[in-house]
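J.: Quick one: the structure is below, questions incoming.
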Amino acid sequence: MLIDVNIEKIKKEKKFSELFINANFGSLSLSCNILKGNFFSDSFYYFPITNDNNTFSSLYFRDFNNLSHFYTEKFFNNFNDKKNSLKSFDDIYLLGSNSGSNYYSNLLQFLPRIFFNKRTNIKIAIHRNSSNKYRDFLKSILKSLNIEFNFVFLDDDFYYFDNSEFPQFINLKDSIKILKNFFNPKTNLTNSKKIYVTREDSSYRKIINEGDIVSLLREKGYRVINPQLYEIEEQIEIFSDAEKIIAPHGSNLANIIFCKPGTEIIEIIPPFSKNEKIFDDRYSNLSIVNNLNHHKIVADTIDVEKHSAVAKKYIHSNVLSKSNYYKNLILKIQDLKEVI
């Protein structure tokens, strides 16, 4: 069976501490443990397993990922049967990226760990599903850091990494500090200070009666922003310059970490269930960390006629059919009028 080694053991026992190198991030005095050597990992949870069957859940846990299945007899037997035939890579910096190309996850969970790399020439492993926009964003960061790089693309699978590096996942507050320290967007006096972020190109949580919503907001001086039409650096600039932002719940709201303190955020949400509290609180938590003025409007939901191939691949059909997270929204105009 796999053995879970906690952070206290890593610190106290030499055989474990020697598996890691400790890297710091400049003036912020933040540190990151980087697993260095030989290990196995999947490309969904990004959960490393050493040759001695050691794991480190305290360092490689993200959000609501349930890692318990890694410690079952069924997983262990299946892993042992297949591990010697896994595809291998050598000399990799395992940054990883969300298998569904989720922007929130890529920006706040995966990306900040690149800043702990100390090498000037690396091979970076990310998921093949990562968008071209995110790849270009990562390329621009690496070039600004004077790092020569090549991408290695992972599919949905387990792999063996030889002589490679795997940085731990960083907590949310420190990830935000790192990103805000690196990005210093310029104020643009021509930008609208009030923006509405549309999800018109999304598979779910788009506003069905958005035409009525947009008409009202434009009368109030709001500019409509479709993030799909902007590079990530441009999105950061728009959000950092805004004073009021209205948007349906979605990963593009991760950009509010770049907003000025006091910026008003009005998030349009579905009626989340008790089991979806992590979604319900996601952007209010970001607002608390960044001293933003956050409000929610609860919209009615309507079933999605056809879910995307990506959603059907990674989300169980029962969840897609029952969860309000994966439905579209109808917003009452009066509810919007009351908050603007």
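Read-outs throughout are calculated quantities, based only on the coordinates presented, and are distinct from any laboratory measurement. Model, not experiment: these values are computed from the prediction. Heads up, the Cβs are rebuilt from the backbone with ideal geometry, glycines too, and the neighbour counts pull from every protein chain shown.
J.: Can you run phi through the Karplus equation (6.51, -1.76, 1.60; θ = phi - 60°) for region 251-267 and list ³J(HN,Hα) in whole Hz, with x for Gly and Pro?
T.: 5, 5, 5, 4, 5, 5, 5, 9, 6, 6, x, x, 4, 8, 10, 10, 9
J.: Where does each of 239-245, 198-204 land if you order them by average Cβ count within 10 Å, highest first?
T.: Per-residue mean Cβ counts within 10 Å order the peptides as 239-245, 198-204.
J.: Looking at region 194-339, what % of its DSSP beta bridges pair antiparallel, to the nearest 5?
T.: Around 15 percent antiparallel, to the nearest 5.
J.: Sticking with this structure for a sec: Write out the trypsin sites (Lys or Arg not before Pro) in region 1-92 meeting two conditions: DSSP loop, and at most 10 other Cβ atoms within 10 Å of their Cβ.
T.: Loop-located and lightly packed - LYS87.
J.: Using alpha carbons only, how many degrees (0 to 90, rounded to 10) separate the axis of helix 232-241 from the longest principal axis of the chain?
T.: 50
J.: Putting +1 on Lys and Arg Cβ atoms and -1 on Asp and Glu Cβ atoms, find which of ILE245, PHE279, PHE47 reaches farthest to the positive end of the dipole of the chain.
T.: My answer, from the dipole projection, is ILE245.
J.: Ranking request for peptides 161-169, 324-332, 275-283: highest mean number of other beta-carbon atoms within 10 Å first, then the rest in descending order.
T.: 161-169, 324-332, 275-283
J.: Tell me which lysines have Cα within less than 17 Å of LYS260's Cα, excluding those fewer than 8 residues away on the same chain?
T.: LYS173, LYS177, LYS180, LYS186, LYS193, LYS194, LYS244
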